[in-house]
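Reading through the structure tokens given below for one structure.
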């Protein structure tokens, strides 16, 4: 069984961008498509911004019991293994 999550956002140029993250066999694949494009672009490895947004989306779904906590921790591990953080800068600064 696959696990699919979709969200949309605007690029700095104002163009709509749709992002899909699919988990199949414990492997996450992220793809995106601009509104003007015809084909999907697969990101290997996934863009850090997309991973952070996916983590936020999964955490919100987890709070509503629509996603597994293991998925949230798997994405957090992917982010930290690449040297990133999913916490906002304001959150990190308030810890001082």
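Considering only region 10-27, how many residues are out of contact with any helix residue (DSSP H, G or I) (no Cβ under 7 Å at 6 or more places or on another chain), within 24 Å of residue 68 (Cα to Cα) and in a strand (DSSP E or B)?
The total comes to 5.
Name, by its number, the condition in (1) surrounded by 13 or more Cβ atoms within 10 Å (Cβ to Cβ); (2) more than 21 Å from residue 3 (Cβ to Cβ); (3) at pLDDT 95 or above that does not hold for residue 39.
For residue 39, the exception is condition (1).
From 6, 52, 27, grab the single residue that is under 13 Å from residue 78 (Cβ atoms), surrounded by fewer than 13 Cβ atoms within 10 Å (Cβ to Cβ) and without any contact (Cβ under 8 Å) to a residue 60 or more places away in the chain.
After applying the criteria, what remains is 27.
Output the residues belonging to region 71-84 that are surrounded by 10 or more Cβ atoms within 10 Å (Cβ to Cβ) and free of Cβ contacts under 8 Å to residues at least 12 places away in the same chain.
Across region 71-84, the qualifying residues are 73, 77, 80.
The values are calculated or read from the model by the stated rules, or taken from the named source; none is laboratory data. Remember, predicted model here, so these are calculated numbers, not experimental data. In this analysis, Cβ positions are derived from the backbone assuming ideal geometry, glycine residues included, and neighbour counts consider all displayed protein chains.
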